Structure formats: structure tokens, C-alpha cells
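Any read-out appearing in this document is the output of simple, stated calculations on the displayed coordinates, not a laboratory observation. Keep in mind it's a predicted model, so treat the numbers as computed, not measured. We place every Cβ from the backbone using ideal geometry, glycine too, and count neighbours over all the protein chains shown.
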Amino acid sequence: MAKIDKTAAKERIGFLKRELERHNYNYYVLNAPAISDFEFDLLMGELQGLEKMYPEFATEDSPTRHVGSDLSAASGSDFVQVPHRYPMLSLGNTYAKEELYEFDNRIRKAVSVPYSFSCELKFDGTAICLTYRNGRLLRALTRGDGTKGDDVTRNVVNIPAIPRTLHGEGIPEEFEIRGEIYMPWAAFERLNAERTASEQEPFANPRNAASGSLKLQNPEEMRTRGLDCVLYHVLGENLPFKTHIEALEAARSWGLPVSEYSSHAYDIDGAVAYIEEWDTRRKTLPFATDGIVIKVNELELQRQLGFTAKSPRWATAWKFKPEQALTPLLSVDYQVGRTGAVTPVANLEPVLLSGTVVKRASLHNKDQMDLLDIHIGDYVYVEKGGEIIPKITGVELSKRPAGAARPVFPACCPDCGTPLVRDEDEARHYCPNREACPVQIKGRFIHFAGRKAMDILAGEATVDALYAKGWIRTLPDLYTLTREQLISLDGWQEKSADNFLDSLEASKRVPFERVLYALGIRHIGEQTAKMLARHFGSIDALAEASREDLVQIEDIGGTVADSIRAYFDSEAGRDTVRRLREAGLQMAVDADARQQLSDTLAGKTIVISGNFSISREAMKALIEAHGGKNAGSVSGKTSWLLAGEKAGPEKLKKAEKLGIPVISEEEFHRITGGEA
Ligand code: IVH
């Protein structure tokens, strides 16, 4: 590291500390990193170097000494924070092979007996700590700030890979097992495609998607996210194992998910060979990895080596450098989406990156373009960060052609010419001409007709043709199309017209939740529509809900609530709903579909609190299926408080004060005749 004088070092250290804290927050809390891991590690490395040079400026609170915190209480979640029994640390990391040999030398100096390494994939997900007691899953905590984590048990029980009960020999009475919750590529791509279709910001990479999903307030939605888990660290008091690998093999035999890709290396050269092998092989894996972890295998030696403030001395991580390509930027297109959002897309000189030719890359929004200070003709770095389209991560200033100019972000919609607007709290520009902007209108029809929405036989070409004729402007117009009109279209025959009309007819039986999704209300994706349909039961009840009512619902934030209100407060929105209802579409949940199991709970108002063997949503549905009513808070009108694991102490106190019976989940199932 170059020498730097004391005043400059002090200033730079202050800057790096603030920057790293900000990036930690973006990464762990918002799940929206602004820089790559590699850039983050560079900043961290610089800070470590400066603190070594000037130890007087190395304060206790430096990000070099604590792990980034994922605690989400600050962002309004209701996860309970629970202290970790053993601190949950991070790993030292390196991108340089010499440092691996230095790691090995440090170990050799510290211990006087032979040792070996466990070599493992570094799964790119979010860390989880599971506690099992008497063979049953007791609790799941996130890493949090390393000393306490968010209790996400109610979500984790919805991950199929994580067993709730263990089977086999020698299961300790109580132990912890740590690992990673991750989202396989296939699930990640599916989720991002859904998010893009409903104009929600896609997740930057599977890691952010996994940790965002784990923190969802609605466990049922979480179940649809396809999360997986791998466990790599067993902890506890007086455990009988001598080596790390032995402990993991035992865990595997009890039914816990342990990596099948690990290997035992007898020295550092063996570990380096493993790294070299997986540097290419990892590209064939169905999930993301960001490196290799090398751990001393002998547990007694791990104890002797101990920890620094932030990481174990007995383990280190080799990080893979993201693959990059450098290529000239030819031009920038501005694409208008279905809801009017304008996305800048870079056209690049085609270049080979990780086996595919890249021609286009997303520039996200105007802020991102400004941040990169991008000019037409610039050589730009492109990276595949796990996104569907690659992204531009930097500009090679030394190659900037003379006279290169910045691309001009349009002031008006490239499609209809309306001046663009920008919402205060969003980075995107929008075309506000919802009613008349052709791209937006056509996009609304394509979304409406989609397979997950109304499933009507109308793809892009059909929508274009019907629009060009002037026959479709608002969604209900579809239901006024006649056979004669359709047959008159270029290339259409009686058969295609009939098929189209049949699909329109069939769409009248599509359940309400899909109709709600099909309307294309901004920020209402498939899952949110499902949840709202279940919650309100009908479009009229939803249309009447105030912003306050809406934000009370789990996973509905201010932005979504505002968007729902804006839709039903607009004449166009109300008119669309009225005419679609007249056309015969389902505007309420089919009462028959809501299976009635019994009327055992008729006249009972029940408040639920805590966690159950089924999700809270499912519990509420079960109460209704037995004729009962759900209420949110305990009052004189409450019949029972149904208390699950970790029921809210306030609710319990209030029930006791008012003399309201508190029943357990088992009692509930006994009363309703269900299984406990
Ligand atoms: S061992 C005491 N093994 O990487 C440290 N961590 O950057 C125990 N990770 O916090 C961690 N795969 O979330 C370990 N095979 C593996 C891992 C792994 C992924 C994560 C973990 C850790 C982070 C450090």
C-alpha cells in the first residue's frame, strides 16, 4: 500500500468507514447492493491497510471489526431479535493465491501437530442458524449483527430442505447448525421474470432474492419462492466429534442438508487444487457460489486457533473474481414498459462473456447513468451478476474517445411524446400518459391476456393488429370484439377467430385473484393479488379499503397501498372494473371455492398470536372454514386467544385481564376435530 500522510489517512479512513457502513446497509438490510462484492472487498482491504498503518485511527466501531447487520427491525418488520449463543462471524477472504499460503503458514506456526482442510463451496445466500432440541427444530435466526439475529422460524419452516424433526443415531439433546439459505438459479429466474412482468424491481442476484424472501412478513408467500438450504457448521456443548467433517457427516445422517460437493484436503496444495477445479465447475451448478471456503478440519485445532473480532483464524474464503468483459457502448435505447416506466438499455459492440455473446445491458435508470458518467463510445465493463441481462459496472476512462458525449436521457416519452415524470422516492422515470400512450395500452393487453392472468389467445402480434384497427383501447373492449371483425384481420380464419372467442369466453371463469392480477395495477404481482383476493374476498371490498386499512396488511407497504388507491380513485380504473364486471368476469372469490369444513366455531371471534405448525394465513383460513371470525386485537368481544409458540406477551396479558380463554394449537385442533 502506498504511503499516505497522517491527516490524509485520517480523512480517508473516515470516508471508507462511512462508505462501507452504507454499503453494508444496502446489502444486508435493503437487499439492494450498489456496488459489486469485489468493489466492496477492495474498499475493505484499503481500510484494513490504513488501520494497520495508523492504528491510532482504528476504532472499535470500524466495519473491519464487525459484520454487516441484517437486522430489519428498523425497516418496520415484526421479527423478534434473539441473542446468539455463539457469535455469528464472517470469514476473512482473499483473491490472491499467495495469501492462501500465508494462511497456511500462520496455522503451521500456531499449532504443532499435523492438520488437514475441509474444502467447501461458498454458497452465495444468506446465513442461517438453526437450533435443534430433542430432535426438533426449535428456532431459526439470521446472522443479524453477529450477536443477535432476527427470529425467522415461521418462515424457515416453509423451506422443504429444512427438516422439522431429525431421525437417526446419536442426535445431541441440543445443538446448533449453521448454513446458508439460497435460491437456486431456476427459482431466481422465475421470481425475477414475475417481478419484471408486474414492474417490480427485479432482485440483483440470488443472494438478495434469498435474503429478501426470508424476511417476508407473509410466510405463505415465502413458500412459493423455492428457497433451498445447505448446512456447514455444527456447534454445541460437549459434542462427541473430533473433526468438522465427522460432525457434518453425522448431521447428514440425521436428515440435515449437507453439501455433497465438499472435499477433504491433506495440505494447502490439495486445497488449491480444489479451488482450481471448482473455478470452472461451479458454472455448471444449479445455484450461485461466490468462492471456496477452506477450514481446518480438526476441531481441537480450531479451538486452539480461535477467532479475531470478526472471523475465525481456522478458516478463510477464496473469492471468485466476477467475470468481466470490456466493450464499446454504441448507443442507448429508452424502453417504455407496460406501466410507463422508462428503462435505459445500452447497445454494445457484441462481446463474449461467460460463454454467451452480450449485445445489450441494462443501465437501470438515470441515476445509474450519471453515477457511471457514461459517454457514447466509451469502453464499458460488463458483468453477469446473476441478472438476466448483464449490467455495466464501470467505464474505462483511459479509452474515452475525444469529443465523446453523454447520452441524453429523454425529457419526453419516446413513444407518445408526453413529458416524463419522476416519483420522488423512485429512481425511475415514468410516462404519465397511462390512458393514451400506445406502448402502455398495448402492454396492458398483453399482460391481461397472459397465461397467469386471463389466459386469452392474444400475443403481441394480435394485440398490435387489434390496436391498429382502433378496436381495443381499454381492457373491456376485448369482450366487444365480434367474429366478423376478427375474420377480417390479415391472416385470420374462422378457426383462429373461434379459438380466440372461446378463450375470451373461458376467461369469464378465471378466478378473481387472477382477474385482480390481470388488471395490471402497478406493484400488484401475482402473489400480492392472491393475497389481496383472499384478504378482501371481492373487488368492492378492496376498492373501499383506505390506505390505512391496506398498510395494516402484512407485506403491503405505502407504495403498494398508494398504487391500489390511485387505481380505484381514478375514473379509468373504476370504469374498467365496471365494464369487466358487466362482461361477466369474476369480481369476488367464489364462495363455493372457500371450502366450509364445519360450523363448530360459528359466533366465535378468535385472535391468533405467535407461530403455529401451519402458517398464520393458513390458520386464519382454517378458523373461517370452521365458521369462526378472525380479529386482530384482543377486546371484550374476543371469544378466544389462540396462542402459538412465542405468542405476543401483550396479547396474553390483555386476555388474562379481560378473562378471555387462551387456547393452544392442540386444543384448537381438538375442538375443530382436526389433527393436532
Ligand atoms: S463457514 C465462522 N462455510 O460466507 C464462519 N460459510 O463471507 C463460519 N458461507 O458468513 C462460516 N458458504 O454466510 C462457511 N461452506 C461455507 C459457506 C459459508 C457460504 C457464507 C456464510 C459466511 C459468509 C462469509
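Cysteines in the chain that lack a partner Cβ within the 4.7 Å cut-off: C119, C129, C229, C412. The alpha-carbon of K620 sits under 29 angstrom from the alpha-carbons of these lysines, leaving out residues fewer than 8 places away in its chain: K215, K452, K508, K530, K604, K629, K637, K646, K651, K653, K654, K657.
Remark: V272, V296, V230 ranked as V272, V230, V296, counting other beta-carbon atoms within 10 Å and listing the fewest first. Near the amide H of L121, within less than 5 Å, lie the amide hydrogens of V293, all on another chain or at least 5 residues away, with H placed in the peptide plane. Each peptide in 652-662, 192-202 receives the mean, over its residues, of other Cβ atoms within 10 Å, and ordering these scores from highest gives 192-202, 652-662. Listed from fewest to most Cβ neighbours within 10 Å, the set Y54, Y274 follows the order Y54, Y274. Listed by chain and number, the aspartates and glutamates whose alpha-carbon sits under 20 Å from that of K148, ignoring those within fewer than 8 places in the same chain, are E21, E60, D61, D70, D78, E174, E176, E180, E237, E645. The count of lysine pairs in region 261-385 whose Cα atoms are under 17 Å apart, excluding pairs fewer than 8 places apart on the same chain, comes to 8. Among the DSSP beta bridges whose two residues both lie in the chain, what percent are antiparallel, rounded to the nearest 5? So the antiparallel bridges in the chain amount to around 85 percent. Per-residue packing, averaged as other Cβ atoms within 10 Å, sorts the ranges 407-414, 488-495 into the order 407-414, 488-495, beginning with the highest. Scanning residues 5 or more positions from I663 or on other chains, those with amide H under 5 Å from its amide H are L641, L642, A643, with H placed 1.01 Å from N in the peptide plane.
Sparse packing (at most 10 other Cβ atoms within 10 Å of the Cβ) combined with a DSSP loop state is found for the following GluC sites (Glu not before Pro) in region 13-120: E60. Listed by chain and number, the lysines whose alpha-carbon sits under 25 Å from that of K3, ignoring those within fewer than 8 places in the same chain, are K17, K52, K97.
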